[in-house]
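Notes to accompany the following structure.
The values are calculated or read from the model by the stated rules, or taken from the named source; none is laboratory data. It should be emphasised that the depicted structure is a prediction, and the values quoted were computed from it without experimental measurement. Here the Cβ positions follow ideal geometry from the backbone for every residue, glycine too, while neighbour counts run over all protein chains shown. We work out accessible area using only protein heavy atoms, side chains counted, and drop any ligands, DNA or RNA first. Shrake-Rupley method; radii C 1.70, N 1.55, O 1.52, S 1.80 Å.
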Amino acid sequence: MDLIKITPDKEKVRSILRMVTLLEERIKNQVPKKMFSLIISDYYGVIKELLTAILLLDGWKTLSHKDLIDYLDQNYKEFNKHEISRLDNLRAIRNKITYEGFFASFEYLETNGIFFKDIINKLKIVITNKINK
């Protein structure tokens, strides 16, 4: 992993959490049957921002989205290998959407929407616990 040591920054984390709230609002306002690829991309954006916040609280940063997921895998055992694998799959799909004009299926969103929400909630709990320490 290519991590850069930094001073933990709770204010940046609070700012990230405000951005996450906006992304979540945008997800809720989109029409799933029409905008499913964009919703999937936005779910990834929320998760990526929350992972970035965790690294910030731990005193690290990275430019690699893969390293964000690897860091979670190596340092937060409350996330199991199946969850990590699904996050990495989401990362790969989001990259295809963003860089290749790929259209994911509506079924992928239907199948994984609850998982995305559960992971987001789990990440927020980790962040809240770390901020309140």
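Could you work out how far the C-alpha centroid of the stretch 84-118 sits from that of the stretch 1-40, in angstrom? Answer, in whole Å: 15.
With respect to the cross-link table entries 48/122; 33/66; 5/48; 5/133; 61/124, which display a Cα-Cα separation exceeding 24 Å? Numbers along the way, then the final one.
Working: 48/122 13 Å; 33/66 29 Å; 5/48 19 Å; 5/133 20 Å; 61/124 18 Å.
Exceeds cut-off: 33/66.
Solvent-accessible surface of the chain, taken per residue with a 1.4 Å probe and all protein chains present: 58 Å². Applying a length cut-off of 18 Å (Cα extent along the axis) and a mean Kyte-Doolittle floor of 0.5 to the DSSP H helices of the chain leaves 32-58. Charge dipole (Cα centre; +1 on Lys/Arg Cβ, -1 on Asp/Glu Cβ; no other charges) of the chain amounts to roughly 320 debye. Considering only 49, 24, 78, the Gaussian network model of the chain with Cα springs below 10 Å gives its largest mean-square fluctuation to 78.
The portion of the accessible surface of the chain made up by carbon and sulfur, rounded to a whole percent, is 54 (1.4 Å probe; DNA, RNA and ligands excluded). For trypsin sites (Lys or Arg not before Pro), the sites in the stretch 55-127 that DSSP calls loop and that have at most 13 other Cβ atoms within 10 Å are 77. For residue 130, the aspartates and glutamates whose Cα comes closer than 16 Å to its Cα, not counting residues fewer than 8 places off in the same chain, are 9, 11, 49, 58, 78.
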